[in-house]
1. If we count other beta carbons within 10 Å of each Cβ, what is the order of TRP256, TRP134, fewest first?
2. Ranking ASP222, ASP122 by Cβ neighbours within 10 Å, fewest first, what do you get?
3. Net charge near ALA150: determine it from the other residues with C-beta under 12 Å of the C-beta of ALA150, scoring Lys and Arg +1 and Asp and Glu -1.
4. Highest mean first, how do 144-154, 227-237, 60-70 rank when packing is the count of other Cβ atoms within 10 Å averaged over residues?
5. Of the lysine pairs in the stretch 56-273, how many meet both conditions: Cα atoms under 23 Å apart, and a spacing of 8 or more in sequence or different chains?
Amino acid sequence: MASWLVRHLAGYAPPALRRGLAGALMDFRSLNSRLSNPGRLREPWSFIHNIGDGDFQAIGAQLKHNLINHAGLLGSDHVLDIGCGNGRVAEPLAPLLRDEGSYVGFDLSRAAIRMSRRRFVDQPHMRFVHLDVWNGEYNPAGRLAEQETAFPVADRSIDLAFATSVFTHMRMAAVRHYICESARVLKPGGRLAFTCFALQQGREASDKFNFVPFDETSAVIDRRTPERAIAHRRVALEAAVTEAGLKIRCELNGHWAPGGNYDGGQDLFVAEKA
């Protein structure tokens, strides 16, 4: 009954209410595993900041694995987590970066940043920054336009920047700006990794994601709230990377549509600064 109610409200409720209800349902389903495993009691609650379904620890470990295998993540890297959410990737990265590396994560959710700061309060190499950036799905009252956002790190200070399931909630003009900001903060030889839905012939929709045209470069699953899930033309993404002065090192197809060739759900791009 609860699952049906959430699905029914999804088409009508404002984004904050819809995401809160879905997060509460996920929290309810996770109670048994949280109570049976004391190590999971410190995991953040999804009703406060819902970043999507799935096992918090398992997905965080998978994303770390992909950063190591495909983006060359090292324990000595200075890392920027673009849209860090509630620290799902920060959790497995903290011990890796403790001795020689560092981590900065930023997000538009004040609650998510507050939770992460509490969890990592005794780890000075882990820093979390709140930016009140507008987003139609996650922060419709935000005061800072996406295309005016400055990443909270200095020029040429980052070895690896990554954005997991961030560009899937941003329009193409904002994506281009974020890629340019990534190029600004990367050291020479630094890498940018990001996941997204990359549209190309034969991979334009799936049973789970029924994308419909939105503008000349993008498609959405809900025209009323485009940022709920946005897919971008692969050629537009590749052009944005090139225009920012980066070179694509690898592109992998996720399993959101037929033809996946790695273990991720979304498509993965890794680009390098010359």
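A short reminder: the numbers here are calculations on the coordinates, not readings from a lab. From a predicted model like this one, the values you see are computed outputs, not experimental measurements. Positions of Cβ are backbone-derived with ideal geometry, glycine not excepted, and every protein chain shown enters the neighbour counts.
1. With the sparsest Cβ surroundings first, the list reads TRP134, TRP256.
2. Taking fewest neighbouring Cβ atoms as first place, the list is ASP122, ASP222.
3. Result for the local shell: -3.
4. 227-237, 60-70, 144-154
5. Lysine pairs, 8 or more places apart or on different chains, close enough: 6.
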